[in-house]
Amino acid sequence: MCRRGNPYLRVHLQLEGSCKKEIIWQPRAPVKSVVYDSPYAKISPRIMMATVEMYKQDLEVFAHMQLPRFHMPSSFHERADSSLLLLVRQSPYIHTLVVREKVSTATVLLLAHTAKNLIYFYVRRNAIMLKADWPYNPDWTPEFYAWLCKNARSYEAMEREVAQILGHRWQALTDKQFKMIKLDLNKSLYL
């Protein structure tokens, strides 16, 4: 009802401060952005599934701002890599993605490759682990998997390939650069 009455309505969910609580979900709302501006907010499979289920057809921006103040696991199965890839695979309108948690170089490549409308892609260099730790996916060609493994072996190769995919210069950010990110949530690429 609300969508029909106001097709230009844009809802932004943002959590700010030092709290460890979750965003208050707004089912069926045209949520364009989900932003965690808290050093304690973590990506979890449960939160990511809720985000995808409720907002995949509207979501344009997903971001975790500030430097994290929590332990980030190194194990692939405990990290946010799979959850982030699920988000960009299911949310076709994402144009801005801010990643602050530990991910592998292979995940950075997969995120850039999978998110077809990605323009603004911010990743903390200190959180990127030099690894090609994704198992082979039957949906991938052997050539694609070889490309992924080859370019995940160095930060320079990863940055070069992401820049080529995005079509503009790209590099992972230092923590100082990451803290200076400013998002314009009112700007839509799809109006």
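The values are calculated or read from the model by the stated rules, or taken from the named source; none is laboratory data. Computed from a prediction, not measured in an experiment: that's the story for all the values here. A quick note on method: Cβ atoms are made from the backbone with ideal geometry, for glycine too, and the neighbour counts reach across all protein chains shown.
If you scan segment 59-70, which residues turn out to be assigned to a loop (DSSP other than H, G, I, E, B) and at pLDDT 95 or above?
59, 60
Looking at (1) surrounded by fewer than 12 Cβ atoms within 10 Å (Cβ to Cβ); (2) in contact with a helix residue (DSSP H, G or I) (Cβ under 9 Å, 6 or more places away or on another chain), which is the one condition that is false for residue 19?
(2)
Filter segment 93-151 down to residues that are among the polar types (S, T, N, Q) and in a helix (DSSP H, G or I) and give me whichever is nearest to residue 41 (Cα to Cα).
Initial filter on segment 93-151 (among the polar types (S, T, N, Q)): 96, 104-105, 107, 114, 117, 126, 137, 141, 151.
Subsequent filtering for residues that are in a helix (DSSP H, G or I) retains 105, 107, 114, 126, 151.
Working: 105: 22, 107: 20, 114: 24, 126: 18, 151: 30 Å.
Per the criteria, the residue is 126.
Quick one: is residue 52 assigned to a helix (DSSP H, G or I) and not charged (D, E, K, R)?
Yes: the conditions hold for residue 52.
Check 189, 111, 130 and return the single one that is under 27 Å from residue 57 (Cα atoms) and more than 16 Å from the chain's Cα centre (by Cα). Working first, answer last.
On the way: 111 fails: more than 16 Å from the chain's Cα centre (by Cα); 130 fails: under 27 Å from residue 57 (Cα atoms).
Matching residue, one of 189, 111, 130: 189.
Would you please name the residue that is surrounded by the fewest Cβ atoms within 10 Å (Cβ to Cβ), looking only at residues in segment 152-191 that are outside any loop (DSSP other than H, G, I, E, B) and among the acidic types (Asp, Glu)?
So the residue we want is 156.
Looking at segment 30-45 only, could you name the residues that are at pLDDT below 90 and either part of a helix (DSSP H, G or I) or more than 21 Å from residue 181 (Cα to Cα) (or both)?
Result: 44, 45.
Among the numbered conditions (1) within 30 Å of residue 20 (Cα to Cα); (2) in contact with a Leu (Cβ under 9 Å, 6 or more places away or on another chain); (3) hydrophobic (A, V, I, L, M, F, W, C), tell me where residue 67 comes up short.
Condition not satisfied by residue 67: (2).
Determine whether residue 88 is on the phi < 0 side of the Ramachandran plot, outside any loop (DSSP other than H, G, I, E, B), out of contact with any Ser or Thr (no Cβ under 9 Å at 6 or more places or on another chain) and of a type in the set (A, V, I, L, M, F, W, C).
The answer is no for residue 88.
Show the residue pairs meeting these rules: Cβ distance below 8 Å; 6+ apart or different chains; first residue within segment 1-25 and within 17 Å of residue 188 (Cβ to Cβ) and of a type in the set (Ser, Thr, Tyr); second residue exposed (fewer than 15 other Cβ atoms within 10 Å of the Cβ) and modelled with pLDDT under 85.
Qualifying pairs under 8 Å: 8/191.
Name the pairs whose Cβ atoms lie under 6 Å apart, with the first residue in segment 49-75 and farther than 17 Å from residue 181 by Cα, the second part of a loop (DSSP other than H, G, I, E, B) and of a type in the set (Gly, Ala, Ser), and 6 or more positions between them or separate chains?
Listed pairs, sorted by first residue: 56/91; 59/91.
Kindly establish whether residue 83 is assigned to a loop (DSSP other than H, G, I, E, B), of a type in the set (Gly, Ala, Ser) and touching a residue at least 24 places away in the same chain (Cβ under 8 Å).
Working: assigned to a loop (DSSP other than H, G, I, E, B): no; of a type in the set (Gly, Ala, Ser): yes; touching a residue at least 24 places away in the same chain (Cβ under 8 Å): yes.
In short, no.
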